[in-house]
1. Of all the strands (runs of 3 or more DSSP E) wholly in the stretch 241-302, which have at least 2 residues that are out of contact with any helix residue (DSSP H, G or I) (no Cβ under 9 Å at 6 or more places or on another chain) and aliphatic (A, V, I, L, M)?
2. I'd like the full set of residues that are surrounded by fewer than 19 Cβ atoms within 10 Å (Cβ to Cβ) and either small (Gly, Ala, Ser) or part of a loop (DSSP other than H, G, I, E, B) (or both), limited to the stretch 123-148.
3. Return the pairs, sorted by first residue and then second, in which the second residue is open to solvent by 40 Å² or more (accessible area, probe 1.4 Å), the first residue lies in the stretch 182-198 and is part of a helix (DSSP H, G or I), the beta carbons are less than 6 Å apart, and the residues are 6+ apart or on different chains.
4. Can you find a residue that is of a type outside the set (D, E, K, R), at pLDDT 95 or above, open to solvent by less than 10 Å² (accessible area, probe 1.4 Å) and over 30 Å from Val260 (Cβ atoms) anywhere in the stretch 479-491?
5. Could you list, in sequence order, the residues of the stretch 76-102 that are closer than 28 Å to Arg268 by Cα and open to solvent by 10 Å² or more (accessible area, probe 1.4 Å)?
6. From the residues in the stretch 149-176 that are β-branched (Val, Ile, Thr) and closer than 23 Å to Glu127 by Cα, which one is least open to solvent (accessible area, probe 1.4 Å)?
7. Please give the number of the condition Lys437 fails out of (1) open to solvent by less than 30 Å² (accessible area, probe 1.4 Å); (2) in contact with a Cys (Cβ under 7 Å, 6 or more places away or on another chain).
8. Being buried (at least 20 other Cβ atoms within 10 Å of the Cβ) and either modelled with pLDDT under 95 or farther than 22 Å from Thr481 by Cα (or both) narrows it down to one residue among Val227, Val247; which is it?
Amino acid sequence: MIRITELSLPLDHPPEALRPALLKRLNLPDADLLDFTVFKRSYDARKKNSVITFVYIVDLEVRDEATVLKRFARDQHVRPAPDTNYYPVGEAPQTLTERPLIVGFGPCGLFAALLLAQMGFKPIVLERGRDVRRRTKDTWGLWRKNTLTPESNVQFGEGGAGLFSDGKLYSQIKDPKFYGRKVMHEFVRAGAPDEILYVSKPHIGTFRLTGVVSRMREEIIALGGEVRFESRVSDFLVESGQVEGVVLDNGETLRSRHIVLALGHSSRDTFRVLHRRGVFMEPKPFAIGFRIEHPQSMIDRARLGKYAGHPELGAADYKLVHHAKNGRSVYSFCMCPGGTVVAATSEQGRVVTNGMSQYSRNERNANAGIVVGINPEEDFPGGPLAGVELQEKLESLAYELGGSDYCAPGQLVGDFVRNTASTQFGEVEPSYKPGVKLGDLSSSLPDYAIEAIREALPAFGRQIHGFDRDDAVLTGVETRTSSPLRITRDTETLQSLSVRGLYPAGEGAGYAGGILSAGVDGIRIAEAVAKSMLDAHRNPV
């Protein structure tokens, strides 16, 4: 296979124009091009008011590949295509009796379970929340009726926190083994649109993702795995530095010497249990801030110019960074084009926000987190759980500022910059449900964060016209941008530094951020577990 990169075509080109473009690029007769596949398609909008083009990466099969590659030996955009296929690391023997346990069924736990099931290890998944159908109903109960179900919400349940998000499937992680491609192929096999395999910023959207996740669960079960919902792990059995099993809330004990910790970043009670059990963990940086909302049409015009609203481009996104005078970095986080701001708490008496989009991304507003990076040395000293305690403090304060009924505190951008309380919405109507209570957000975050965001918003307005418009809405607070701690693991075995057989994984353990990277980490962990179980089976103690 040959890979061609940086192949540009006009925005409105017909699908059939790609083949002639490939033939022209390689100076080949039509008969010599045997097959081709689009690996990636992005667009170049740097000249948005004159022309926007699609830019392709294409893998193709040709006659006499060696001669073609030799002819283009000096062309960096014509190279052998890498092998992106996935190859399992092993297969469970029929005589294997031990079954690995997977704690958590978000993207990381999902892919760890799927890969182990595909290799024949028959994993048992323990998910504290409910299945996707009941979880969706519970989540809407908070948004529509102000009623929180602590074990079934945006954070907990089948699919994890990524289920109620934009369903973004892109990441900046290094992926030399193309595990991300495996993640994408499994999603497509389970019903996700084929386009996620090649568009530059793929997403599925919440409602489509629910069906995809449930079909993947069905495959795990069909392969001999087991998925238990409403099964919160309340304790871990550790003997002489080796994990031996878990205890569930109902008192049941499950034995295994291979346990994947695929916790979400909101599993604070489990973090505390692990800490008491001597599992090594350390604080890590994360970010805090607000959600900001603008009309999506405004963002489209600013980013796409005269091409705003073009059906091939969809709703525009953005990525912004500002380095404030007080030394803080302020940046946009988890931008959701054509989406909504959602109530994302999992604990009574606390308010936290997140963003969500459907596949169509056709809601009125664009939203994103505007957050400030914080670090343990300077901002939350005091041990591995200090970041958790800071999050809890800020979310409890947000609950009070919002009226103590799960409404969120809010303020218009113009008033926030001028340090004046807001009393009335403008053109931009907030999407957060149960509702937004306008007021003054200056007390909702530490002073350094407020100062940095106040400086950043006008700077962002110079990059995107209208970003700092007076009636854009800030909704607080955004605190669960990533896990505030890392359950550190060995770089080779991927096991806990202090407890053998325990495999910290995914976002909650501090090793991923988003659906794709969590899925990739789940694959890595599944391989590590499989290798260890096969070794233990061949060499019993």
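1. Strands (runs of 3 or more DSSP E) meeting the threshold: 242-248.
2. Correct list: Gly141, Asn146, Thr147.
3. Lys182/Tyr86; Val188/Asp194
4. The answer is no; no qualifying residue exists.
5. Filtering the stretch 76-102 for residues closer than 28 Å to Arg268 by Cα gives 99-102.
If the condition is that a residue be closer than 28 Å to Arg268 by Cα and open to solvent by 10 Å² or more (accessible area, probe 1.4 Å), then Arg99 is the only one that fits.
6. Residues of the stretch 149-176 that are β-branched (Val, Ile, Thr), as a first pass: 149, 154, 173.
Still in the list and also closer than 23 Å to Glu127 by Cα: 149, 154.
Values: Thr149: 40, Val154: 2 Å².
Looking at the filtered set, the residue picked out is Val154.
7. Failed condition: (1).
8. Numbers: Val247 fails: buried (at least 20 other Cβ atoms within 10 Å of the Cβ).
None of the other options fit; the residue is Val227.
The values are calculated or read from the model by the stated rules, or taken from the named source; none is laboratory data. All figures in this text were calculated on a predicted structure; none of them were measured in a lab. When we count neighbours, we look across all protein chains shown, and the Cβ atoms used for this are built from the backbone with ideal geometry, even at glycine. For the accessible areas, the whole protein counts, side chains as well, though only heavy atoms, and no ligand, DNA or RNA atoms are used. Shrake-Rupley method; radii C 1.70, N 1.55, O 1.52, S 1.80 Å.
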